[in-house]
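All of the numbers you see were taken from the coordinates with simple rules; none came from a lab. No experiment lies behind these values; they were computed from the predicted model shown. Here the Cβ is made from the backbone with ideal geometry for all residues, glycine too, and neighbour counts use every protein chain on show.
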Ligand code: SF4
């Protein structure tokens with residue numbers, strides 16, 4: 001999932017301080033799971049903002065809404081009939097949702113309510129860690145299912161580097177060396193011979209180096225749009 | 001043992017303090033409560049293992065929020081006792097009541113009255 005973290009409330013107050021009709025818009029997907037932008041966080045932020053503005057002597061209307069997703073047209077359409085009631089939206093979706101919302105509703109400023117951090121897993125409640133950087137050409141088959149792009153500080157493809165010490169990465173002793181994990185995993189899979197095979201240079205054009213990316217699936221596209 | 005605690009305190013029963021969420025405390029303040037305190041079992045004695053520890057963390061979160069928006073973090077407090085300690089229960093109530101009386105009414109309430 002996409003992992004996000006809550007923004008300091010002071011920062012959000014600064015974003016919206018000049019508006020008096022604000023919609024706090026949550027998302028039911030990833031940001032709900034990582035407890036940054038779901039219905040509950042929407043309720044908390046709305047309550048905090050209502051109290052803040054009241055305390056400042058400002059009359060500000062703050063409403064709450066949470067959509068199933070903010071990265072699909074059909075769910076964003078659900079606010080079309082109410083959007084004109086507001087002069088600002090704070091979206092607690094990831095950066096994708098914030099942008100899609102802003103693309104759709106040109107006349108209403110949309111502010112981010114979370115910091116979108118990475119694609120990762122819930123290791124335990126309250127602890128999320130990175131697993132994928134969407135490089136566009138997955139190499140996990142070669143690395144025993146452990147990603148050196150997202151988990152090695154240097155994105156080394158034939159590791160470990162000289163900084164690997166007792167299983168830790170040289171950037172910090174609490175950071176596990178991804179290549180140590182890969183070596184252990186290949187051994188456990190009885191595929192240690194694969195470790196000897198050198199990885200060729202990676203084509204980074206499928207990563208961000210190639211500019212903004214898109215996935216086109218003509219087999220899924222609506223035929224009627226072509227004509 | 002019939003102990004008196006300040007009559008302006010409204011008790012809300014919950015099955016475990018782990019049930020008390022940040023939003024419940026915030027809504028209490030939003031509706032005009034002058035102070036909120038949560039009384040849980042002793043740490044280490046939670047029937048559900050960590051309900052009271054979670055409550056403590058949530059109280060701390062609310063405290064930070066109230067400080068940020070100038071309502072006063074001291075208006076919220078976590079207490080712990082065991083179920084047989086009626087006397088401590090009243091002590092907590094008196095302590096909190098005195099603290100809140102000193103702080104005065106919830107500023108939100110004053111602001112809302114002004115706006116009305
Ligand atoms: S120590 Fe391991 S994880 Fe850290 S940079 Fe070197 S190879 Fe990558």
>> Could you check segment A:44-91 and list, in sequence order, the residues that are in contact with a strand residue (DSSP E or B) (Cβ under 6 Å, 6 or more places away or on another chain) and at the interface with chain B (Cβ under 9 Å from one of its Cβ atoms)?
In response: A:49, A:50
> Can you pull out the residues in segment A:121-130 that are touching a strand residue (DSSP E or B) at 6+ places or on another chain (Cβ under 6 Å) and surrounded by fewer than 17 Cβ atoms within 10 Å (Cβ to Cβ)?
Replying inline: A:121, A:122, A:123, A:129, A:130
> Taking segment B:11-34 as the search range and keeping residues that are within 20 Å of residue B:72 (Cα to Cα) and more than 13 Å from every other protein chain (Cβ to nearest Cβ), which one is surrounded by the most Cβ atoms within 10 Å (Cβ to Cβ)?
Replying inline: B:20
> Where in segment A:148-199 are the helices (runs of 4 or more DSSP H), entirely inside, with at least 1 residues that are more than 14 Å from every other protein chain (Cβ to nearest Cβ) and within 11 Å of the ligand (Cβ to nearest atom)?
Replying inline: A:148-151, A:178-188
>> Can you tell me which of (1) surrounded by fewer than 15 Cβ atoms within 10 Å (Cβ to Cβ); (2) away from the ligand (no atom under 16 Å from the Cβ) is the one residue A:111 doesn't meet?
In response: (1)
